[in-house]
1. Can you list residues whose amide H is under 5 Å from Phe244's amide H, if they're 5+ apart or on another chain and H is modeled 1.01 Å from N?
2. Starting from the coordinates of the alpha-carbon atoms of the range 182-231, obtain the Kirkwood hydrodynamic radius over all distinct pairs and give the value in Å to one decimal.
3. Okay, helix-only estimate at 222 nm for the chain: each DSSP H run of n ≥ 4 adds -39500 (n - 2.57), divide by all residues, round to 500 deg cm²/dmol; what do you get?
4. Using the heavy atoms of the protein chains and a 1.4 angstrom probe, tell me the accessible area per residue for the chain in square angstrom.
5. Per-residue counts of other Cβ atoms within 10 Å, averaged by peptide: what ranking do you get for 91-100, 190-199, highest first?
6. How large is Rg/Rh for the range 178-317, to two decimals, with Cα atoms and a Kirkwood Rh?
7. Compute the label zone of Arg158 within the range 232-256: residues whose backbone N is under 16 Å from the point 7 Å along Cα-to-Cβ.
8. As an exercise, identify the trypsin sites (Lys or Arg not before Pro) in the range 152-244 lying in DSSP coil whose Cβ has no more than 16 other Cβ atoms within 10 Å.
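The values are calculated or read from the model by the stated rules, or taken from the named source; none is laboratory data. Note that the structure is predicted; figures quoted are calculated from it, not measured. Cβ sites come from the backbone with ideal geometry, for glycine too, and all protein chains shown count toward neighbours. These accessible areas exclude ligands, DNA and RNA; they are computed on the full protein's heavy atoms, side chains included. Shrake-Rupley method; radii C 1.70, N 1.55, O 1.52, S 1.80 Å.
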Amino acid sequence: MAENGASPLPPTPPAPAAHSPLARAEHFVWLTARVLEQRLFAYHFRGGDAGPVETALDAYRNEDGGYGHALEPGLRGPGSRPPHTAHALRVLDAVGRCGGQRVERMCRYLTSVSTADGALPAARPGRPGYPAAPFGPVVDDPPGELLATGPVVGLLHRNEVWHAWLFRATDFCWQAVESLGTSHPYEVEAAVAFLDAAPDRPRAEAAADRLGRLVREQRLAVLDPDDLGAYPVSPGYAPGEYRFPHDYARHPHSLARAWFTDDEMARSLDVLSAQQEDDGGWPVRRSQWAPAPALEARPGVTLDALRTLRAYGRPVG
């Protein structure tokens, strides 16, 4: 114990090797990242506490229980939007703080913006006068979509959060996942986020098995990085916006991991490792419509890449 009776601070992890992927990424984060991503980097890789992450996240919270202020960098303006709330839940889940009154308020917000079938719309009209991406038309009464609902429902189940909104939203996700025919990568990733945490595990495993066959049949994952031309980019995606096995199975315990052979996953992780750029960060592969959203998104993409590589036992530091 410390002299004043307080518990001693945990030891600071050793600094990464000077030219390691982690050291280069750390330089990039401290050079470019928002306070939130700086605190997340410190939590994941430097022994930092979860409290400062929560404090940084609070800056994006609105009185309605939702989040705004470009927490999700591609959506500008102060207003609450479902993707911002999904982003906030990912942050809280990452630091083990996804619960309590904060999440209760978030669930009330989600209830207020849900469609008649209990789902979340992928896009809602923002407040007029704020910048908006020129692509992806926003309608006044958007439908609920798996793309927006699946990750949120999955995170809440993963953290054993129970709220009345979850019952109908979960039913929506099951119906959407089990009826998927032709799909696209981001929708599949949303389905995986739901299935990885859905309480009915046998049903989730069966749905994931069918979804994996769909991914391979429709060539939605690049299995041979030396033959990119064999894998069409989905309509509406940026040129060269390919998805790889690691994009679906971000950790080895994901149901999506069974979709790919050991060799396919190894080559995918080789691609991910090689994507680190000269400045230490990983690139944003989505369509970019303004400099600030892309710059603000890169530290988060970089953290995701490092965490995925580490989850699979790849050396980063």
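1. Answer set, sorted by chain and number: Val222.
2. Numbers: mean 1/r = 0.0850 Å⁻¹.
Result for the range 182-231, one decimal place: 11.8 Å.
3. Working: 12 runs with 153 residues, N = 317.
Calculated mean residue ellipticity at 222 nm is -15000 deg cm²/dmol.
4. On the way: 15460 Å² over 317 residues.
I get 49 Å² per residue for the chain.
5. On the way: 91-100: 17.2, 190-199: 23.8.
My ranking of the peptides, most packed first, is 190-199, 91-100.
6. Numbers: Rg = 15.2 Å, Rh = 15.9 Å.
Reported Rg/Rh, Kirkwood definition of Rh: 0.96.
7. Correct set: 246-256.
8. Working: sites: Arg158, Arg168, Arg203, Arg210, Arg213, Arg216, Arg219, Arg243; in loops: Arg219, Arg243.
Counting only loop positions with at most 16 other Cβ atoms within 10 Å, the trypsin sites (Lys or Arg not before Pro) in the range 152-244 are Arg219.
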